[in-house]
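Worksheet for the structure shown next.
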């Protein structure tokens, strides 16, 4: 068992199609995570898309999210069933 999501991604034979990522996480925030794995996620075949979740209404966070190739969505929490269904349908 790995101690971090980054270690887990490194060991995966097959990456997920979608990652739900919160900006505010313990030890490493979502932006720090993306700085490490964004290139790998965006170059994977098929590319991995990230739904970045936040309670922030700061426009700077939205602009920063746009700088990562793997981020397909910048969404306000809470993530409801309708929003999740929409994400899944957009991936299909």
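Brief remarks follow.
- Within the option set 31, 74, being touching a residue at least 12 places away in the same chain (Cβ under 8 Å), within 20 Å of residue 7 (Cα to Cα) and in contact with a helix residue (DSSP H, G or I) (Cβ under 8 Å, 6 or more places away or on another chain) holds for one residue only, 31.
Conditions (1) surrounded by 11 or more Cβ atoms within 10 Å (Cβ to Cβ); (2) not in a helix (DSSP H, G or I), marked per residue:
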{"residue": "39", "(1), (2)": "yes, no"}
{"residue": "42", "(1), (2)": "yes, no"}
{"residue": "52", "(1), (2)": "yes, yes"}
{"residue": "56", "(1), (2)": "yes, yes"}
{"residue": "60", "(1), (2)": "no, no"}
{"residue": "68", "(1), (2)": "yes, yes"}
{"residue": "74", "(1), (2)": "yes, yes"}
{"residue": "90", "(1), (2)": "yes, no"}
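- Residue tally, condition assigned to a loop (DSSP other than H, G, I, E, B) and under 17 Å from residue 69 (Cα atoms), over the range 10-30: 4
- Flag if residue 42 is in contact (Cβ under 8 Å) with a residue 24 or more places away in the chain and touching a helix residue (DSSP H, G or I) at 6+ places or on another chain (Cβ under 9 Å): no
No lab work stands behind these numbers, since they all come straight from the coordinates. No experiment lies behind these values; they were computed from the predicted model shown. All Cβ positions, even for glycine, are placed from backbone atoms using ideal geometry, and neighbour counts span all protein chains on display.
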